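Chemist: The structure's right below; bear with me while I get my questions together.
Just so it is clear, none of the values below were taken in a lab; they were calculated from the coordinates. Everything quoted here is computed from the prediction, not taken from an experiment. Here Cβ is always computed from backbone atoms with ideal geometry, including for glycine, and neighbour counts include all displayed protein chains.
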Amino acid sequence: MTGTQHSPTRRRERSAARETAARDADRVAARDEKRAQQIWVDGAAPELPSRATRPEKVVFHLGPTNSGKTYESLQALAALGSGVYAAPLRQLAHEAYAKLSAQLPPGTVGLSTGEEEIDPNAAIVCCTVEKAPDRGEMLVLDESHWVTDPDRGHHWARLLLTGEYREMHLISAAEAYLVLKPLVTDAQQVQVVNHKRLSRLDVLRAPVRTDAVRPQTLVVAFSRKAVYAVAAELDQHRPGKVGVLYGALPPATRRQVIDRFTRGELDVLVTTDVIGHGINVPATTVLFAETTKFDGQELRPLRTWEVAQIAGRAGRYGLTGHGQTGILIGVSGLKPVGALVGAGAAVARGDEMSDLPKRRPRLRPELEDLGAFEAVDLPEALTRWMAWARVATQDEGMTADDVTGLVLRVHALLPMLRGPLGEAGDLQTVWRLINLAIDYNPPRRTRWLVLARAALQHAVGLPVPVATVLPEYPVKGSVEEYEQTAAAARDAQTLLRQFPGVAGLDSDDAAELEEACAQTITELLPDAISIGRSGTCTECGTSIAPWFTTCRPCSGPRSGRGGSERSRPAGGRGRSGGRPTPTANTGAGAGRRNRSSRGSRRS
């Protein structure tokens with residue numbers, strides 16, 4: 001009886017002892033892990049990037065837009081005859097390639113943008129920053145203020161910190177000098193060349209109406225929907241003479257639109273701020289149809305440096321006379337602020353300092369910085385690196401990049417590697433996959449995951465359907481459908497350059513599809529512009545903003561209807577949805593090509 005009574009007590013004591021032991025073991029494990037992390041941070045942490053050979057000379061070319069900064073740098077590169085021109089956009093690399101090729105012997109100048117290679121081993125290479133070699137005679141780095149860009153700035157920082165060039169020419173607005181200087185403190189000689197704007201830039205005293213827009217004018221809006229709405233309004237007064245330019249257009253289409261405007265086939269070009277990234281066109285006037293933009297997080301007024309980058313496209317030296325900038329009125333729902341344009345013009349002239357955000361250059365790790373041995377180590381290694389780098393860069397004029405996106409990609413891949421695909425999931429392969437330049441933001445996150453899985457399947461010998469990697473060419477599609485197909489083809493090019501042979505394809509196959517879509521878009525754009533006019537309520541005809549379908553009174557509760565109808569903006573400013581996108585289901589180019597037959601042969 002006594003034993004029975006004491007048995008529950010003994011069980012509780014044994015249970016309590018086990019729990020205590022488990023807690024002690026957890027504390028010891030946590031203490032050991034913390035000690036291990038501290039040892040890693042203190043002793044085995046990577047060093048800040050550096051170069052073995054310091055540059056003999058660094059030249060800062062500082063000044064506002066249209067001040068000859070790029071021209072003088074390219075002349076220095078041409079005179080030397082060996083080096084690299086690097087820029088943030090393919091369009092800029094193409095421009096430099098064309099200019100240098102026109103003045104130097106054939107074969108001297110090459111082009112390397114990731115999407116296109118022409119004599120990449122030539123003495124002078126024009127490229128995007130991501131493709132820039134890490135050593136050479138001279139580096140000309142255009143739009144150097146991109147070093148602070150949250151998404152791509154780490155490429156600029158790495159090139160400036162580790163690039164072993166005998167001479168560097170850094171092109172930027174004056175405000176970025178203090179950001180860039182700490183990255184080249186090891187230079188034997190630093191020279192600062194201040195440039196002044198070469199043409200006058202005036203501010204129009206009165207707003208310009210849509211029927212008074214003159215030839216050689218750029219009109220600026222900040223969403224695809226607004227661009228089409230403005231273009232449709234202007235097309236009524238200049239039929240067939242209005243073009244559009246925005247980020248979703250394939251690069252080949254953008255080049256064709258810019259060429260048509262340059263040749264005078266188009267009088268007016270309605271564009272987003274893509275025009276502000278150093279693209280040179282013969283424009284005498286820049287008009288702002290709106291002065292607010294959605295930056296991915298909020299709808300906000302433009303900063304003066306953003307206005308300056310765009311307004312400065314007016315009056316290009318050597319292409320036109322003096323320039324002028326102002327606001328466009330007469331498009332429903334768009335209300336630009338003239339005072340903001342005036343302030344930006346003062347910055348573009350060099351009369352005032354801009355409000356360039358006070359961000360620091362970004363630093364991102366290379367695989368050898370992490371100390372990882374297997375793919376499963378990457379999340380912890382990346383997290384540790386970020387903790388170390390935040391401390392290590394406090395006094396170095398730069399900041400650690402947020403690598404959370406890379407961690408999320410690894411976590412998305414790891415479940416795949418537990419099965420048959422795990423044979424292909426070595427550390428190097430996973431690192432290449434998570435660093436593919438494919439958008440990982442919703443809703444396109446699935447696209448990256450599908451392509452990553454396809455690469456792993458191909459590596460272990462499993463079949464991959466062509467349609468998984470490369471979509472079909474749309475038959476009688478809309479402009480937007482062709483844009484989306486072209487974007488998917490660009491993603492496929494990115495994958496196939498790193499992992500050729502997936503689904504029996506190579507990057508040329510994807511480039512061919514993108515080019516076909518670009519050609520069709522070019523053919524369909526005039527019709528898309530002419531039918532793209534918006535800004536009237538579908539029920540009562542009242543003027544409204546182009547991203548709504550009905551006015552406020554018509555969208556509210558009304559008698560005789562069940563419930564209430566409310567028109568919503570299309571997912572917020574700057575995003576698709578709302579009023580149907582202009583379509584052109586018939587017309588030139590529609591249905592002239594079909595990928596399905598070619599795809600079946602490839603399967």
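Chemist: Search the structure for amide H atoms under 5 Å from the amide H of Val190, placed 1.01 Å from N in the peptide plane, and list their residues when 5 or more places away or on another chain.
Modeler: Amide H to amide H, under 5 Å and 5 or more residues apart or across chains, Val190 pairs with Val58.
Chemist: Given points 7 Å out from each Cα along the Cα-Cβ axis, report the Thr262 to His277 separation in nanometres with one decimal.
Modeler: Distance between the two pseudo-spin positions: 1.7 nm.
Chemist: For segment 201-349, just run the numbers: alpha carbon Rg, then divide by 2.2 N^0.38 Å, N being how many residues it has.
Modeler: 0.93
Chemist: Let me ask something else about it. Given the -39500 (n - 2.57) contribution per DSSP H run of 4+ residues, what per-residue ellipticity at 222 nm results for the chain, rounded to the nearest 500 deg cm²/dmol?
Modeler: -12500 deg cm²/dmol
Chemist: May I pose another question? Under 14 Å from a label point 7 Å along Cα→Cβ of Glu56: give me every residue in segment 69-85 with its amide N that close.
Modeler: Zone members listed by number: 80-83.
Chemist: Long-range amide H contacts for Phe288: which residues qualify at under 5 Å (H placed 1.01 Å from N, peptide plane, sequence gap of 5 or more or a different chain)?
Modeler: So Phe288 has HN proximity to Val220, Gly326, Ile327, Leu328.
Chemist: Based on the mean of other Cβ atoms within 10 Å per residue, sort peptides 443-452, 144-153 so the most packed one is first.
Modeler: 144-153, 443-452
Chemist: Sticking with this one: Where the centre of each part is set by its Cα atoms, how far does segment 379-450 sit from segment 130-150, in angstrom?
Modeler: 23 Å
Chemist: Sticking with this structure for a sec: Distance in nm between label sites at Asp395 and Thr383, each 7 Å beyond Cα in the beta-carbon direction?
Modeler: Distance between label points: 2.9 nm.
Chemist: Given R₀ = 60 Å, what would the calculated FRET efficiency be for Val337 paired with Val460, taking r from the Cβ atoms and rounding to 0.05?
Modeler: With a Förster radius of 60 Å, E is 0.55.
Chemist: How do the peptides 467-475, 82-90 rank, highest first, by the average count of neighbouring beta carbon atoms within 10 Å per residue?
Modeler: Sorting 467-475, 82-90 by mean packing, highest first, produces 82-90, 467-475.
Chemist: Can you give the Kirkwood hydrodynamic radius for the chain, in Å, rounded to one decimal and based on Cα pairs?
Modeler: Answer for the chain: a Kirkwood hydrodynamic radius of 27.1 Å.
Chemist: I've got another one for you. Using the number of other C-beta atoms within 10 angstrom as an exposure proxy, rank Val230, Val257 with the fewest first.
Modeler: Val257, Val230
Chemist: Separate question: From Cα pairs below 8 angstrom and at least 6 apart in sequence, can you work out the relative contact order of segment 58-140, rounded to a whole percent?
Modeler: 34 percent
Chemist: Hey, with R₀ at 60 Å, roughly what FRET efficiency would Ser15 and Glu47 work out to, going by the Cβ-Cβ distance, to 0.05?
Modeler: It comes to 0.75.
Chemist: Could you tell me which residue out of Leu414, Ala157, Leu495 lies farthest along the dipole of the chain toward its positive end? Charges go on the beta carbon: Lys and Arg +1, Asp and Glu -1, centred on the Cα centre.
Modeler: About the Cα centre, the residue reaching furthest to the positive side is Leu414.
Chemist: I'd like the GluC sites (Glu not before Pro) in segment 239-306 restricted to DSSP loop residues with at most 10 other Cβ atoms within 10 Å, sorted by number.
Modeler: Glu298
Chemist: Determine ³J(HN,Hα), in whole Hz, for all residues of segment 245-262 in sequence, where each value follows from phi through the Karplus function 6.51 cos²θ - 1.76 cosθ + 1.60 and θ = phi - 60°; x replaces Gly and Pro.
Modeler: 9, 7, x, 6, 5, x, x, 5, 5, 4, 4, 5, 5, 4, 4, 5, 5, 5
Chemist: Mind listing the phi-derived Karplus ³J(HN,Hα) values for segment 403-418, rounded to whole Hz, using 6.51, -1.76 and 1.60 with θ = phi - 60°, and x for any glycine or proline?
Modeler: For segment 403-418, the Karplus-derived couplings read 9, 4, x, 5, 4, 4, 5, 4, 4, 6, 7, 4, x, 5, 7, 7 Hz, x marking Gly and Pro.
Chemist: Over 21 Å between Cα atoms, which of Lys69/Lys181; Lys293/Lys335; Lys335/Lys358; Lys196/Lys293 qualify?
Modeler: Lys335/Lys358; Lys196/Lys293
Chemist: How many angstrom lie between the C-alpha centres of segment 186-227 and segment 250-302?
Modeler: Segment 186-227 and segment 250-302 have Cα centres separated by 10 Å.
Chemist: A further question on this structure: Once fully extended, how much extra length lies between Leu104 and Tyr317, figured as 0.36 nm per residue of separation less the alpha-carbon to alpha-carbon distance?
Modeler: Using 0.36 nm per residue and subtracting the Cα-Cα distance, I get 74.4 nm.
Chemist: Would you mind checking which residues have amide H under 5 Å from Tyr85's amide H? H placed 1.01 Å from N; only 5 or more apart, or other chain.
Modeler: HN-HN under 5 Å from Tyr85: Val125, Cys126, Cys127, Val140.
Chemist: Let me have the relative contact order for the chain, percent, based on Cα pairs under 8 Å that are six or more residues apart.
Modeler: 13 percent
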